[in-house]
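To start, the structure itself, in structure tokens.
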Amino acid sequence: MRKLAAIFIATILAAAALLSSQGEQARLFIKNATIIPVLGERIEGGGILVEGGKIKAVGKALEAPADAAVIDASGMFVYPGFIDSYSHFGLAEISSIPATTDYREIGKENPELRVVWAINPHSVHFGTGRVTGTTSALVAPAGGTFPGISALVRMDGWTVPEMVVKEAATSFINFPMTPRPVGEGLTVQKEAKEDVTSKLVEKIRDYLKEARRYLELKKAAAAGAGVVAPEYNAKYEALAPVLDGTLPVIVSVEKAKDIELAIKFVQDEKLKAIFRGCAQGFKVADKIKQSGIPVIIDSLYTGPSEPEDGYDAPYRNVVELARAGVLISFSSGDSPAAGKDLPYHAAKAVAFGLPREEAVKALTINPARIFGVADRLGSIEAGKDADLLIAAGDPLDFRTEVKHLVINGRAIDMANWWETLYEKFKGRPEK
Amino acid sequence: MKLKTAAFGIFAALLVIALSGRLPAAEKTVLLKNGQVITVSGETIAGGDILVSGTKIVKVGKGLAAPAGAEVIDLAGRWAMPGIIDAHSHIGLEGDVNEMGALLTPEVDCRDVINPKDINIFYALTGGVTSIHTMHGSANPIGGKGIALKMRWGKSAAELVFEGAPLTSKWALGENPKRSNMSGMGPARYPRTRMGVEESIRDEFEKAKDYLKEWAEYEKKARAARYSKGKITPPLPPKKDYHLEGVADILSGKLWVRCHAYQSEEMLSIMRLCREYGVKLVCFEHGLEGYRITNELVQYGVAIATFEDFWGYKWEAYNTMPQAASLCAKRGVLVAIASDDAERMRHLFNDAAKSVRFGGATEAEALRMLTINPAKILGVDSRVGTIEPGKDADLAVFNRHPLDPFAVCEITMVDGAVYFDRAKYLEERKKTKDEAKKKVPEKKDGGEV
């Protein structure tokens, strides 16, 4: 059966290659599907026509064009491909081996670094990370105060430019964090006093002030105001779109107290911010809602920020943020090896009370909105990019197999590192 | 004399009670009724009941009547399974679990550092975990002794110990004892290769054999001296060496060996070594490449306590797949899904569900990987791991089937006592919150509070 499917896909790919080599746009038709467009009503027994990488038509009464490759999705469910809102895909192969990791640069201030310079499009983690339905991901740099500039990429492509949805998706500021208390019996870490955190925030403000001054001087010099242009500074240059609010900035922040400080910071500095983490967001959910700042939820393989928050705080946090009306999205977090767990986090939140529909949105249209690509991704609508997942059941259920992925209009090869090992070693004769 | 009489009296009374099938008044009886009882040992019973007396399960079936005075817990269709057992954990221990100063440390014992206040014991309960094997770290080819604990949250260190469970010896192969992934840990230390790791164990076995021989000779001479009527001077005993005593306990099979290993070839090597010295090798910890040598693992009779899908963090954890647990189980290897991590521990039931998707484990097999299989690895399968009369009343109750992605653990019972009850927990939280609200004094305009 698997072989048949493989041959079938291979035929599609061959047909696609043939058509595109002839300079024509490959057409793909998905039939007999239960379609969950996310925006709009669910369609039973529907069809999706894909052409030129875009969704051409969606509906019940569609017929497959004669030249289109066809995927029969009888009994299957089609969703917009999931979007992973924070990952290191393509920047880390084996986390303990420095030669294979490229997401953390030396130094604290690196706002000019771009992950698109370093992504390995053939990392095994793209192949294993998408088996549960992820079709695009924010690839983020990490470390220091200003780690650099992320890219929003598709989970498939021969080269980075082919994968890129948004080459410069967001900048980052790692907000100073009040440390977590350490468990009983260990050295008890004293909580940093608020003024320590505030002092660190002041340092960031100072840095931004310097950048602003640099940009103003440069502008003044260019306008012939008689000032000498400052020496070129790549770091301040990179902060220009952050300071004028055109490049969103992801601010990592955990504790309630820090979140309040971060809201004030973001508002004072007039940044277009996205929060990441917000482990104690549930304590200040209304304030986050009021600020209009969306929140990227980190991996839910995590304990409460403080024991007093309750054992279920990470899940409850998601529920409370959604209830308050905060725009939330899920992410697989720091390890690309755990990339396939993206829908797992959503399911965990649903188990603890997040409405399922909200969870699906937080994997699709919400991240598309947060990253400013809702005109292209996040729902199944004519005119949008054809990034789709076709699953045998509920894609939030980690027992469900995602049968096909359409990325950028192509039904991609689902083979991956795990399958390679599995196929080989299940073939060893038993004794 | 009086004491002896009294003791005999009590013993006789207990015997009479036991034989008559009546329960001592102190034994609390609990009936969990109307649930979906996943027995693991047999079929799942829809609309099933579990009768618990004291610390034990006494009856499992349908339509059981509540004895007089029994507490009744209405499961209302919820799912009850045997308490989850985590075969590989480091929680409930005070501080660091790695002995960095020496290469081989069989003399150290986790029982000396049990920390009953570790909040992770409570978190374990919230994920349906009732027993664990907590162990020494993996910095040493032969590390310290480990022990099975029950998650009796709130009890003393001594009371956490799973009575009767065999003591274990933690071994470690590969990158950790090689210190491949450590920098700034001081000067390089032997061994730096897998060859050196194995040799360091083999070498120690020979030393321990010599040590045992020395003692045997001493015993022989001492015996001869005792019966010589003063003709032979009694010999001086050899110096007691707790380190080598630890190794000797490995050689005698008193300690069950739990060997941290990733690569298939080093597992094969260590199996040869253990066979040669007659060591009781029970389980490979992690064993992420175990799927490559299922024939050999089955033949030897060694289990694996593995991750479902934690991988890729180091070279030796790279050549694996989430299908591995299922593939091993299908081919007859005794597989437990373990956590090695306080956080992953409370997601174990989800991990087992993933093995259904990857590699196609049956739901029954997936559940065994959480219960009876780790119980066997820990040597406590006569006590826990299934829901059967005579077994300890260690249970986890979920609002949905435990392999359902939306399942939440609602009740966890150890020895017939409820240690975690989500409904009560939420109630308490609400109460505390309401009280806190009441305590906030009203703010008056302009004034200090």
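Pairs with C-alpha atoms separated by more than 21 Å, drawn from the list A:56/A:340; A:348/A:426; A:166/A:384; A:108/A:283; B:145/B:207; A:426/B:376, are A:56/A:340; A:348/A:426; A:108/A:283; A:426/B:376. Selection among B:305, B:146, A:362 by position relative to the dipole of the protein assembly as shown gives B:146 as farthest towards the positive end (Cβ unit charges, Cα centre). Gain on full extension, evaluated as 0.36 nm per residue between residue B:100 and residue B:43 minus their Cα-Cα distance, stands at 15.7 nm.
For the stretch B:240-319 versus the stretch A:82-120, the spacing of their alpha-carbon centroids is 35 Å.
Think of the protein assembly as shown as a dipole: +1 on every Lys or Arg Cβ, -1 on every Asp or Glu Cβ, centred on the Cα centre; then among B:125, B:60, A:197, B:60 lies furthest on the positive end. Each Lys and Arg contributes +1 and each Asp and Glu -1, all at the Cβ; summed about the Cα centre of the stretch B:47-121, the dipole is approximately 660 debye. The helix-only estimate of mean residue ellipticity at 222 nm for chain A, built from DSSP H runs of length n ≥ 4 each weighted as -39500 (n - 2.57), is -9500 deg cm²/dmol after division by the residue total.
Which order do A:283, A:255 fall in if you start with the one that has the fewest other Cβ atoms within 10 Å? The partial results should precede the final answer.
Working: A:283 20, A:255 25.
The fewest-first ordering by Cβ neighbours comes to A:283, A:255.
Please go through the residue pairs A:199/A:219; A:289/A:361; A:235/A:270; B:213/B:280 and name each one whose alpha carbons sit more than 24 Å apart in this structure. Where the Cα-Cα span goes over 24 Å, the pairs concerned are A:199/A:219.
Taking a ≥ b ≥ c as the square roots of the Cα gyration tensor eigenvalues, with a/c under 1.5 meaning rounded and otherwise prolate when a/b beats b/c, else oblate, which class fits the stretch A:299-427? If you can, show how the numbers build up before the last one.
Details: a/c = 2.27, a/b = 1.26, b/c = 1.79.
It comes out oblate by the Cα gyration axes.
Computed from phi, the 3J(HN,Hα) profile of the stretch A:208-215 under the Karplus parametrisation 6.51, -1.76, 1.60 (θ = phi - 60°) reads 5, 4, 4, 4, 4, 4, 4, 5 Hz, with x in place of Gly and Pro. Modelled spin labels at residue A:352 and residue B:232, positioned 7 Å past Cα toward Cβ, are 7.0 nm from each other. Considered as an equivalent ellipsoid built on the Cα gyration tensor, chain B has semi-axes of 41, 31, 25 Å, the largest given first.
Each Lys or Arg adds one and each Asp or Glu takes one away; over the other residues whose Cβ falls under 12 Å from the Cβ of residue B:210, this sums to -3. Residues whose amide H lies under 5 Å from that of residue B:169, counting only those 5 or more places away or on a different chain, are B:146, B:256, B:257, B:258; hydrogens are built 1.01 Å from N in the peptide plane. Loop-located trypsin sites (Lys or Arg not before Pro) across the stretch B:259-345 with a Cβ neighbour count of 15 or fewer within 10 Å are lacking, with loop assigned by DSSP. Dividing the alpha-carbon radius of gyration of the protein assembly as shown by the rule-of-thumb value 2.2 N^0.38 Å gives 1.06. Net charge in the neighbourhood of residue A:146 (other residues with Cβ under 15 Å of its Cβ; Lys, Arg +1, Asp, Glu -1) is +2. Remark: the residue B:189-residue B:156 segment gains 8.0 nm on full extension, using 0.36 nm per residue and subtracting the alpha carbon distance.
Sparse packing (at most 10 other Cβ atoms within 10 Å of the Cβ) combined with a DSSP loop state is found for the following GluC sites (Glu not before Pro) in the stretch B:349-449: B:442, B:448. Model label sites at residue A:72 and residue B:72, defined 7 Å from Cα along the beta-carbon direction, differ in position by 5.4 nm.
Relative to the longest principal Cα axis of chain B, at what angle does helix B:242-251 sit, 0 to 90 degrees, rounded to 10? Taking the Cα atoms of chain B, the angle to B:242-251 is about 80 degrees. Among the GluC sites (Glu not before Pro) in the stretch A:345-431, those placed in a DSSP loop whose Cβ has at most 10 other Cβ atoms within 10 Å are A:430.
What the Cβ-Cβ distance of residue A:220 and residue A:198 gives, at R0 = 35 Å and to the nearest 0.05, is a FRET efficiency of 0.65. Normalising the average separation of contacting C-alpha pairs (under 8 angstrom, six or more residues apart) by the number of residues puts the relative contact order of chain B at 18 percent. The alpha carbons of the stretch B:205-276 occupy a box of 59, 20, 17 Å along the principal axes, longest dimension given first. Quick one: Cα centre-to-centre distance for the stretch A:361-431 and the stretch A:220-281, in angstrom? Taking the Cα centre of each part, the stretch A:361-431 and the stretch A:220-281 sit 34 Å apart. In this structure the amide hydrogen of residue A:299, modeled in the peptide plane, comes within under 5 Å of the amide hydrogens of A:333, A:334, none closer than 5 places in sequence on its chain.
Express the C-alpha Rg of the stretch A:219-346 as a ratio against the empirical globular expectation 2.2 N^0.38 Å, rounded to two decimals.
Values: Rg = 18.4 Å, N = 128, 2.2 N^0.38 = 13.9 Å.
With N residues counted in the stretch A:219-346, Rg over 2.2 N^0.38 Å equals 1.32.
By how many degrees, between 0 and 90 and to the nearest 10, does the Cα long axis of helix A:256-269 differ from the longest principal axis of chain A? That works out to roughly 80 degrees. Put simply, the convex hull of the Cα atoms in the stretch A:82-374 casts, on average, a shadow of 16.4 nm². Under 5 Å from the amide H of residue A:149 lie the amide H atoms of A:113, A:114, A:115, each residue being 5 or more positions distant or on a separate chain, with H modelled from the backbone and absent for Pro and chain starts. Taking the longest Cα principal axis of chain B as reference, the axis of helix B:264-277 is set at about 60 degrees.
What number, in percent, do you get for the relative contact order of the stretch A:82-374 if the mean sequence gap of Cα pairs under 8 Å and at least 6 apart is divided by its residue count?
Values: 600 pairs, mean separation 54.9, N = 293.
With pairs under 8 Å counted, the relative contact order is 19 percent.
By the scheme Lys and Arg +1, Asp and Glu -1, what is the net charge of all other residues having a beta-carbon under 15 Å from that of residue A:399?
Values: positive: A:340, A:348, A:403, B:354, B:357, B:400; negative: A:341, A:394, A:397, A:401, B:308, B:309, B:351, B:363, B:365, B:404.
That works out to -4.
For each of B:392, B:210, B:49, count neighbouring Cβ atoms within 10 Å of the residue's Cβ, then give the residues from fewest to most. Write out the running numbers ahead of the final one.
Numbers: B:392 25, B:210 11, B:49 22.
Sorted ascending by nearby Cβ count, the order is B:210, B:49, B:392.
At a Förster distance of 56 Å, what's the computed FRET efficiency of residue B:214 paired with residue B:117, Cβ-Cβ distance as r, to 0.05? Kindly include the intermediate steps, with their values, before the conclusion.
Details: r = 43 Å, r/R0 = 0.76.
E between residue B:214 and residue B:117, to the nearest 0.05, is 0.85.
Placing dummy labels 7 Å off each Cα toward the beta-carbon, the span from residue B:434 to residue A:122 is 6.4 nm.
Sorting A:155, A:414 from the fewest to the most surrounding beta carbons within 10 angstrom yields A:414, A:155.
Let a ≥ b ≥ c be the square roots of the eigenvalues of the Cα gyration tensor of the stretch A:132-173; is it rounded (a/c under 1.5), or, if not, prolate (a/b larger than b/c) or oblate?
On the way: a/c = 2.77, a/b = 1.89, b/c = 1.47.
The shape class here is prolate.
Taken together, the values in this text are just the output of simple stated rules run on the coordinates, not laboratory data. Keep in mind the model is a prediction, meaning the values are calculated, not measured. Here Cβ is always computed from backbone atoms with ideal geometry, including for glycine, and neighbour counts include all displayed protein chains.
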